[in-house]
Amino acid sequence: MSFSAAKRKRNQQLTNLKNRSVLLGVSGGVAAYKAVELVRRLKDKGASVTVMMTGAAQQFITPLSLQIASQNTVYTSLFQEPLTHISIPAAADILVVAPATANSIAKFANGIADDMLSTAFLAFRGPVVIAPSMNGKMYEHPVVQENLKKLLSLGIVQTGPDSGPLACGEEGTGRLAEVRDIVDTVVAALTPKDLIGQKIVVTAGPTREYLDPVRFISNRSSGKMGFSVAKAARNRGAEVVLISGPTALESPQGLTFRRVDTSDQMLSALRDETERGVSALIMAAAVADFRSVRPSKAKVGKNKIPLLTCTEDIVSCIAGGEKRPFIIGFAAETGKKLDRAREKMKRKKMDMIVFNDVTEKGSGFETDTNRVVIMDKKNGVMRTGLMSKDDVADAILDRYLKIKA
């Protein structure tokens, strides 16, 4: 069956923030200038963004800059428009405070309402995300930590701060979280948690099979699809382990990340995880098919390339284990070879397989989009059409939940 418009709309809301209203509070730290990029990235995801600024924030960035970025009125005073501290929070799906200074955190924790942002915080009844940013000594102060502990106990979600060079010239923990991490946290906070209690292992990226210390066999996998699946499962409440071969992607927050290099290392990591008990294995990695019979310990000449043999079939190894999880595999083909994917699923004893034709425009390696066909051993077939890899990830998890139900 084709992917329904209703499910597509749901997935876009989960991952792209389409039709979501974000209330962004900007308080007075030097990282306030990053709020412009944050607004743009949230809008790129489809959200509408309304900004509230403290007086101190206006010393670092102008309301006009954020008005241009958000294409909405920026609110800076309780007296700018009567009762907006009530009406604007009532219309928002989520409140995000970035940067959240020690002062704003203290106000939130102790119920002080003396400006637009702190008053709106008390009036808001949805999920709240704070991204602290301040000097490292300030952040580590027991009073700040106690205030944060109090806010977290109320269900408020914290992202960051990061460690590194600070604006004052010192090194420490206090840098505003990366904008991409703040956006990821917003998406996660708005995602229904239908995978709570499940442990999901995802593999991603290529493997490298070494011929000698400087040469290896690999493939074009960027890891983007596997990373999208891992983040989607995390957002939906699963305990996630992401096992990745070499990629240029940043390790996602909020999950266990294991970096491997070769297919043997990936299989070892998978055995280690599955022996502890796993609900599902989603094998998005593109494992190299060949390796050297005996890799050389020194660089060899062109005329002395080692003989090749096939790598061990990781999926078959896990499928034959005592603690076999639900297994979802991938089949990247050149052409519409659905029968090959179906045969692969049966031969390797998978429960589901995700087929994609890498020759189709917008699909396959190194792209941010994909078009897949999801098949299961009960002969169910679902086609997604072209969509973002984040949306494909949610489609895969939707299908997994339906089959497991």
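The values are calculated or read from the model by the stated rules, or taken from the named source; none is laboratory data. All values derive from a computational prediction rather than experimental measurement. Reconstructed Cβ throughout: ideal geometry from the backbone, glycine too, with neighbour counts over all protein chains shown.
Observations on the structure shown:
- Here T369 meets the list (1) touching a strand residue (DSSP E or B) at 6+ places or on another chain (Cβ under 8 Å); (2) touching a residue at least 60 places away in the same chain (Cβ under 8 Å); (3) polar (S, T, N, Q) almost entirely, failing just condition (2).
- Test result for S153, at pLDDT 95 or above and of a type in the set (S, T, Y): yes
- Exclusive hit being within 30 Å of K193 (Cβ to Cβ), of a type outside the set (V, I, T) and surrounded by 14 or more Cβ atoms within 10 Å (Cβ to Cβ), set P295, P252: P252
- Long-range neighbours under 7 Å by Cβ, at least six apart or interchain, first residue touching a residue at least 40 places away in the same chain (Cβ under 8 Å) within region 122-135, second polar (S, T, N, Q) and surrounded by 17 or more Cβ atoms within 10 Å (Cβ to Cβ): V129/T159; V129/T185; A131/T159; P132/Q158; S133/T101; M134/T101
- Residue count for region 74-116 satisfying the condition of being under 22 Å from K18 (Cβ atoms) and part of a loop (DSSP other than H, G, I, E, B): 2.
- Highlighted here are the strands (runs of 3 or more DSSP E) found entirely within region 143-225 that include at least 3 residues which are surrounded by fewer than 14 Cβ atoms within 10 Å (Cβ to Cβ): 162-165.
- Of all residues making up region 341-377, the number that are closer than 23 Å to D313 by Cβ and either outside any strand (DSSP E or B) or among the polar types (S, T, N, Q) (or both): 17
- Counting the residues of region 103-156 that are more than 27 Å from the chain's Cα centre (by Cα) and among the charged types (D, E, K, R) gives 6.
- Considering region 259-310, the qualifying strands (runs of 3 or more DSSP E), each wholly inside and each with 1 or more residues that are over 24 Å from the mean Cα position of the chain (by Cα), run over 290-292, 308-310.
- Set I318, I396, I403: member being β-branched (V, I, T), surrounded by fewer than 18 Cβ atoms within 10 Å (Cβ to Cβ) and in a helix (DSSP H, G or I): I403
- So R236, is it within 25 Å of V392 (Cα to Cα), in contact (Cβ under 8 Å) with a residue 24 or more places away in the chain and either charged (D, E, K, R) or surrounded by fewer than 20 Cβ atoms within 10 Å (Cβ to Cβ) (or both): yes
- V97, sole failed condition from (1) crowded, with 22+ Cβ neighbours inside 10 Å; (2) more than 19 Å from R180 (Cα to Cα): (2)
- Of all residues in region 323-358, those that are in contact with a Gly (Cβ under 8 Å, 6 or more places away or on another chain) and within 21 Å of S228 (Cα to Cα) total 8.
- Filtered residues of region 325-335 (kept if surrounded by 13 or more Cβ atoms within 10 Å (Cβ to Cβ) and either among the aromatic types (F, W, Y) or without any contact (Cβ under 8 Å) to a residue 40 or more places away in the chain (or both)): F326, F330, A331, E333
- Considering (1) surrounded by fewer than 17 Cβ atoms within 10 Å (Cβ to Cβ); (2) in a helix (DSSP H, G or I), the lone condition that A120 does not fulfil carries the number (1).
Residue by residue, here is whether (1) over 18 Å from L122 (Cβ atoms); (2) among the hydroxyl-bearing types (S, T, Y); (3) modelled with pLDDT of 95 or more; (4) not assigned by TED's automatic domain parsing to the domain that holds A120 holds:
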residue: K7; (1), (2), (3), (4): yes, no, no, yes
residue: G28; (1), (2), (3), (4): yes, no, no, no
residue: T62; (1), (2), (3), (4): yes, yes, yes, no
residue: L66; (1), (2), (3), (4): yes, no, yes, no
